[in-house]
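What follows is a single structure, written as structure tokens, with notes after it.
What follows draws every value from the coordinates through simple rules; no lab data is involved. Remember, it's a predicted structure, so these values are computed and weren't measured experimentally. Virtual Cβ from ideal backbone geometry, glycine too; neighbours counted across all protein chains shown.
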Amino acid sequence: MNGTERVLRMLPAGGVLSLIQSDLESNGELFSLLILRRLLERGDTVFLFLYEPFRVFENNATTVGLNIREHLGKNLYIFDAFGSIYRIPRREEGVHQLSGYLDDSVFIIKLREWAVKTLESREWRNLWIFTYTSTGVCKLFRRPYLVYRMIIAVRELLFNNAEYEGTVLTLSEPECPDISDIAYTVSDIVIETHVVNGRRVGIVTKGANEGEVLELFGGD
């Protein structure tokens, strides 16, 4: 069993997994993209909250063998927070943005309105919430701690409106330590990625498998 499948099997139904990149060289963010690839290739539906430039996300996905354009508008739907804040229009099917004036409070109000409207637009099955990367919240907002906490609360809308499978949060602790404690608190499983003796590993620091060490890129 490869690393991504083992990690997904750790997560209880409807649970929250946080991948916290503790060492920048551990490539924890790329491992999260391997998980995204696995979900999309097996036919699950993913709502991805994007806090980085679209092109950066697309290029990084290509690094792990994922062509996101093959899934956009089919089983991958992107909420482009970065493009919304900086008013960088995207025309691709399946990419959604907010328009108009956006400060921290207005962003959350409009995000909730968009989420309700989108969830009511059709019947959603095997739905996952994914963030890439949550660290971007610290770059985009004045009060990242408050905004991130409220963004996570939006997932509660899914419980009554979709066949919800789980949430995967991706963040880099060295780049945005303010939100790591929130992610840790709300998560059922936390995996911190490190470089140990030249090996890129994930260490389970919360959950039933606490203490287990995973080879991040073995077998994928």
Exercise for the section: List, in order, the whole-Hz ³J(HN,Hα) value for each residue of the stretch 65-78 obtained from phi through the Karplus relation with A = 6.51, B = -1.76, C = 1.60 and θ = phi - 60°; use x for Gly and Pro. Expected result: x, 10, 9, 5, 5, 6, 10, 4, x, 10, 10, 10, 10, 10
Handout entry: the stretch 61-96: GluC sites (Glu not before Pro) in DSSP coil with no more than 16 other Cβ atoms inside 10 Å
Key = 92, 93
Exercise for the section: Using only alpha carbon pairs under 8 Å that are at least six residues apart, calculate the relative contact order of the chain and give it in whole percent. Expected result: 32 percent
Exercise for the section: Using amide H atoms built 1.01 Å from N in the peptide plane, name the residues 5+ places from residue 15, or on other chains, whose amide H lies under 5 Å from its own. Expected result: 167
Problem - Likely footprinting exposure, 206, 117, fewest C-beta neighbours within 10 Å first - result: 117, 206
Completion exercise
Across the alpha-carbon set of the chain, Rg over Rh with Rh taken as the Kirkwood radius works out to 0.93
Exercise for the section: Give me 135, 118, 63 ranked fewest to most by other Cβ atoms within 10 Å of their Cβ, as a rough exposure proxy. Expected result: 63, 118, 135
Handout entry: Highest-first arrangement of 97-105, 173-181, where packing means the average Cβ count within 10 Å
Key = 173-181, 97-105
Problem - Theoretical FRET efficiency, 1/(1+(r/R0)^6), r = Cβ-Cβ of residue 93 and residue 9, R0 22 Å, to 0.05 - result: 0.10
